[in-house]
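Chemist: Before I ask anything, let me first share the structure, which is written out below as structure tokens.
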Amino acid sequence: MLMNLTDEFTGVSSASINSARSEIIHKGHLSTPGKKREREKPVTEIECDEFVRSPVRRKDRYIIG
């Protein structure tokens, strides 16, 4: 009867309520399926050679004075 009332008031099916209750009883908590999203890792180290460093130094000297 309690599940039928919960179903009626929340609009969630009795099967969903029952599976959530059984998961709480067996695991001790309710977990949701997590989505695994792959993303690019941020670039933290950049290796550059003298060809790249030279114009950067010139620009720094120009800006700083």
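Chemist: What residue among E38, E47, E23 has the largest mean-square fluctuation in a Gaussian network model of the chain, using Cα springs under 10 Å?
Modeler: E47
Chemist: For the chain, set up a Gaussian network in which alpha carbons nearer than 10 Å are linked by springs, and say which option among P55, P42, P33 fluctuates the most.
Modeler: Result: P55 has the largest fluctuation of those listed.
Chemist: If you don't mind, another one. Test of the criteria: in the chain, which trypsin sites (Lys or Arg not before Pro) are in a DSSP loop and have at most 13 other Cβ atoms within 10 angstrom of their Cβ?
Modeler: In loop regions of the chain (DSSP not H, G, I, E or B), the sparsely surrounded trypsin sites (Lys or Arg not before Pro) are K35, K36, R37, R39.
Chemist: Right, something else. Using +1 on the beta carbon of Lys and Arg, -1 on that of Asp and Glu, and nothing else charged, what's the dipole of the chain about the Cα centre, debye to 20? Before the final figure, lay out the partial values.
Modeler: On the way: 12 positive and 10 negative charges, 72 e Å.
Roughly 340 debye for the chain.
Chemist: Per 0.36 nm of contour for each residue apart, how much would the distance between R53 and K41 grow if the chain were fully extended, relative to their Cα-Cα spacing? Don't skip to the answer; put the middle values down first.
Modeler: Numbers: separation 12, 0.36 × 12 = 4.32 nm, distance 2.41 nm.
That works out to 1.9 nm of additional length.
Quick note: the coordinates plus some simple rules give every number you see, no bench work behind them. All values derive from a computational prediction rather than experimental measurement. We place every Cβ from the backbone using ideal geometry, glycine too, and count neighbours over all the protein chains shown.
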